[in-house]
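Visitor: So that we are looking at the same thing, I have put the structure below in C-alpha cells.
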Amino acid sequence: MTTILLAGGPAALDPVRTLPEGDFPAQLSVDHGRWHEHFVRTDGHDVVRGSLVRVFRWSYRTAIAE
C-alpha cells in the first residue's frame, strides 16, 4: 500500500489515505457522508509520518445518487 495526503476538502475528512502500491490515478473520489469529495493528483509531495508522500488536492464535491 502507498500512503497519500489529501489537501483541502472537509475538515472532518482524514487527510492521510492509502492506495494500492504504485497506483497514482490522475483523480480520485472519496465517499464522505452524503457526498463524493473529488481530488486531483498534483506534482507536490509532503512528509507524513517521516515519509515523503504524493499530494492530491481537493477540486469539487458531488452528491451521492440515491
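Since every read-out is calculated from the coordinates, none of them should be taken as a lab result. Just so it is clear, the model here is predicted, and its values are computed rather than measured. Glycine also receives a Cβ, built like all others from the backbone with ideal geometry; neighbour counts cover every protein chain displayed.
Visitor: When you go through L52, L19 one by one, which is the residue that is in contact with an Asp or Glu (Cβ under 9 Å, 6 or more places away or on another chain), at negative phi and without any contact (Cβ under 8 Å) to a residue 60 or more places away in the chain? Don't jump to the end; show me each part of the working.
Guide: Numbers: L19 fails: in contact with an Asp or Glu (Cβ under 9 Å, 6 or more places away or on another chain).
Of L52, L19, the one residue that is in contact with an Asp or Glu (Cβ under 9 Å, 6 or more places away or on another chain), at negative phi and without any contact (Cβ under 8 Å) to a residue 60 or more places away in the chain is L52.
Visitor: Restricting to the range 5-22, name every residue that is assigned to a strand (DSSP E or B) and surrounded by 12 or more Cβ atoms within 10 Å (Cβ to Cβ).
Guide: Residues of the range 5-22 assigned to a strand (DSSP E or B): 5-7, 16-19.
Selection gives L5, L6, A7, R17, L19.
A quick yes/no check of all residues on (1) of a type in the set (S, T, N, Q); (2) assigned to a strand (DSSP E or B); (3) loosely packed, with under 14 Cβ neighbours inside 10 Å:
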site: T3; (1), (2), (3): yes, yes, no
site: F24; (1), (2), (3): no, no, yes
site: G44; (1), (2), (3): no, yes, yes
site: F56; (1), (2), (3): no, yes, no
site: R61; (1), (2), (3): no, yes, no
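Visitor: Can you report the number of residues in the range 34-59 which are of a type in the set (A, V, I, L, M) and farther than 15 Å from T2 by Cβ? Please lay out each step first, then the result.
Guide: As a first pass, look at the range 34-59 and keep what is of a type in the set (A, V, I, L, M): 40, 47-48, 52-53, 55.
From what's left, farther than 15 Å from T2 by Cβ: 40.
Going through the range 34-59 one residue at a time, the tally reaches 1.
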